[in-house]
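Notes follow once the structure below has been shown.
Nothing in this text is a laboratory measurement; each read-out follows from the coordinates by a stated rule. A quick note: this is a predicted structure, and the numbers were derived from the prediction, not measured. With ideal geometry, Cβ positions are generated from the backbone for all residues, glycine too; neighbour counts draw on all protein chains shown.
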Amino acid sequence: MLEEQNLTTGSVPKKLIIFALPLLLANLLQSFYSVIDMLVVGRIVGKTGLAAISNASMISFIINSVCIGVTMGGTVLIAQCKGANDEQGQSETVGTLFSITLIASVIITAISLIIYEPLFVLLKVPSGAMQDACEYMKIISCGTVFVFGYNAVCSIMKGFGDSKSPLYFVGIATTANIILDLLLVGPLSMGTKGAAYATIFSQGISLAISIIYLKRKSFVFDFKIKHFAIKTDKLTVILKVGLPTALQMVVVNISYLLITGMLNNFGVSVAAASGVGLKVNTFAGMPCWAIGQAVTAMTGQNMGAKNIERVKRTTTTGLYLNIFITFITVLLVQIFSKPIIMLFDPANTEVIEDGILYLRLCCGINSLIYAAMYTFDSFAIGIGSANVAMVNALLDAVIVRLPVSWVLGFTCGYGFTGIYIGEALSPVLPAIVGLFYYKSGIWEKKRLNIRSVFRSKSD
């Protein structure tokens, strides 16, 4: 059996923490894919390699956003089916999710291969970094199927309440990534291409191991070809949750991509420093995301079980945990900002100074507000109201981040410092909207429109 958890009973804080800890460790390890790439490339290739990966990573984030968004619909539906004790619904959801994930990965691969080079030109990637960025992105695009497949498996496991198994898989993959990075970028002198190959091979290992694991366990899905059929009712619900979630994440990451384009105007050092700063900020956000994922799974199961009060306790507990943990993380980043930036490029004074400034402005008080925003978004996705999280993403990116960054950076003449400030202000408005939606109570009668999910347990 999977290491499933029934999230509808027991102590809410204890269940959240127990469920979130493996997710945190898995997220931290998975983030090493890109962090290790930048560490190795930064020290061996230099600032041009850093700038190349910084720009390429923005497109990678968008690809990952589509993947995580679509598969999130599977997590929510499986969680609600489990809460309702609907095994048939669970099996059909798994088969449907695997099928649409494969289709989506092929489409996204084709699109990314077509657009990455023109997009780099549009973003004004520094000429010295252009070739490396293109080589890196071409290889990463070809590994999209591994990213989609692995995230589908992890989404399924989280829906069942199993947050431990993904940790084991990503631990093995991260080890492989480190070894391959050091070998391909270093002794074999493959530069940024070597870092890209290391990443996709590691992701392929994650997928292979996770599928083998599921096939050997007593799992609701038997992996027979005929059971990969797409069930229309399951597809509808997955997309109802998944598409808004995907759009939410895509919008945010496109905004980061456009911000990167703005920052490219200030030269290679700023582009490299900003990329490093964003990686560090992303890394610092891992605890927040882990708790958010736990909130999504736990609210999903409890909505399926029609336990509204436990949904409320889950959300408020997640909020307090996220704010507290984020405060500790931000404090550590601020104290050790210089040595952290120097890990990536210890010799370039400009990169170090600009990177520290990024962390001062973008990993401070605003991170606490982001923690609140993400908690409420996770709650909304878990109950099936992914459109709320999508609206918040539009508020974050389109209403605040992009226009404020442009005005402060170029119109007001504050340069890249103004852009950093625009980024820092982005979570304020969506956090307020998320709080109002949660407090309104209009979500309490929310139900995913699928016949089998909410059969009574006595049926």
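Give me the log10 of I(q) over I(0) for region 41-149 at q = 0.14, 0.17, 0.18 Å⁻¹, as the Debye formula computes it from C-alpha points; what are the numbers?
-0.63, -0.79, -0.84
From the Cα trace of region 373-412, what convex hull volume per residue do you get, rounded to a whole Å³?
42 Å³
So for each of 94-106, 343-355 I average, over its residues, the number of other beta carbons within 10 Å; can you give me the resulting order with the highest mean first?
On the way: 94-106: 21.2, 343-355: 19.3.
Result, highest mean Cβ count within 10 Å first: 94-106, 343-355.
Taking 51 Å as R0, compute the FRET efficiency from the Cβ-Cβ separation of LYS138 and PHE327 and round it to 0.05. Working shown, then result.
Details: r = 41 Å, r/R0 = 0.80.
According to the calculation, E is roughly 0.80.
Under a cut-off of 15 Å between alpha-carbon atoms, report the aspartates and glutamates in cross-link reach of LYS124, not counting same-chain residues fewer than 8 places apart.
Answer for LYS124, where 15 Å is the Cα cut-off: ASP132, listed by chain and number.
Report the Cα-based extents of region 217-336 along its three principal axes, largest first, to the nearest Å.
Projected onto its principal axes, the Cα set of region 217-336 covers 53, 35, 29 Å.
Residues in region 63-93 near a label at LEU122, defined as backbone nitrogen under 20 Å from the 7 Å Cα→Cβ point?
Within reach of a label on LEU122, which here means backbone N under 20 Å from a point 7 Å along Cα→Cβ, region 63-93 contributes 63-67.
Per the helix-only calculation at 222 nm, which mean residue ellipticity applies to the chain, given -39500 (n - 2.57) for every DSSP H run of n ≥ 4 and division by its residues, nearest 500 deg cm²/dmol? Walk me through the intermediate numbers first.
Numbers: 18 runs with 358 residues, N = 459.
Theoretical 222 nm ellipticity from helices: -27000 deg cm²/dmol.
Beyond 28 Å, what percent of the Cα pairs of region 312-454 remain?
Values: 3321 of 10153 pairs.
For region 312-454, the share of Cα pairs beyond 28 Å comes to 33 percent.
I'd like to know how the chain sits against the 2.2 N^0.38 Å rule of thumb: what's its Cα Rg over that expected value? All intermediate terms of the calculation are to be shown ahead of the outcome.
Working: Rg = 21.2 Å, N = 459, 2.2 N^0.38 = 22.6 Å.
That works out to 0.94 for the chain.
I'd like the FRET efficiency for ILE107 and ILE399, computed as 1/(1 + (r/R0)^6) with the beta carbon distance as r and R0 of 30 Å, rounded to 0.05.
Numbers: r = 29 Å, r/R0 = 0.97.
Approximately 0.55, to the nearest 0.05.
So what are region 142-284's ellipsoid semi-axes, whole angstrom, largest first, if each one is the square root of 5 times an eigenvalue of the alpha-carbon gyration tensor? Write down the numbers at each step before the final one.
On the way: eigenvalues 213, 106, 34 Å².
Its equivalent ellipsoid spans semi-axes of 33, 23, 13 Å.
Could you sort out which of LYS231/LYS312; LYS306/LYS439; LYS138/LYS217; LYS82/LYS231; LYS279/LYS439; LYS158/LYS312 sit more than 27 Å apart by Cα distance in this structure? Show your work: numbers first, answer last.
Values: LYS231/LYS312 32 Å; LYS306/LYS439 18 Å; LYS138/LYS217 36 Å; LYS82/LYS231 18 Å; LYS279/LYS439 33 Å; LYS158/LYS312 20 Å.
Where the Cα-Cα span goes over 27 Å, the pairs concerned are LYS231/LYS312; LYS138/LYS217; LYS279/LYS439.
Find the centroid of the Cα atoms in region 247-273 and in region 119-158, then give the distance between the two in whole Å.
Using only Cα atoms, the two centres lie 15 Å from each other.
Taking only complete DSSP H runs, can you tell me which helices of the chain stretch 20 Å or more along their own long axis by Cα positions and average at least 0.5 on the Kyte-Doolittle scale? Kindly include the intermediate steps, with their values, before the conclusion.
Numbers: long enough: 12-44 (47 Å, 1.42); 47-83 (50 Å, 1.09); 87-122 (50 Å, 1.25); 127-142 (24 Å, 0.23); 144-159 (22 Å, 1.12); 165-185 (30 Å, 1.66); 191-216 (39 Å, 0.64); 232-264 (45 Å, 1.14); 268-284 (24 Å, 1.18); 286-304 (27 Å, 0.35); 308-335 (41 Å, 0.95); 365-382 (26 Å, 0.99).
Counting only whole DSSP H runs, the qualifying helices are 12-44, 47-83, 87-122, 144-159, 165-185, 191-216, 232-264, 268-284, 308-335, 365-382.
5 Å is the cut-off here: which amide hydrogens, built 1.01 Å from N in the peptide plane, fall below it relative to GLY267, excluding neighbours closer than 5 in sequence?
Under 5 Å from the amide H of GLY267 lies no amide H from a residue far enough along the sequence or on another chain.
Note the full-extension length gain between ILE114 and LYS439 as 0.36 nm times their separation in residues minus their Cα-Cα distance, in nm to one decimal. All intermediate terms of the calculation are to be shown ahead of the outcome.
Values: separation 325, 0.36 × 325 = 117.00 nm, distance 4.46 nm.
Taking 0.36 nm per residue and subtracting the Cα distance, the gain is 112.5 nm.
Could you give the dipole magnitude of the chain about its Cα centre, charging the beta-carbon of Lys and Arg +1 and that of Asp and Glu -1, in debye to the nearest 20?
Numbers: 33 positive and 23 negative charges, 270 e Å.
The calculated dipole for the chain is roughly 1300 debye.
Report relative contact order for region 12-440 in percent, whole number only (criteria: Cα-Cα under 8 Å, sequence separation at least 6). If you can, show how the numbers build up before the last one.
Details: 729 pairs, mean separation 104.4, N = 429.
The value is 24 percent.
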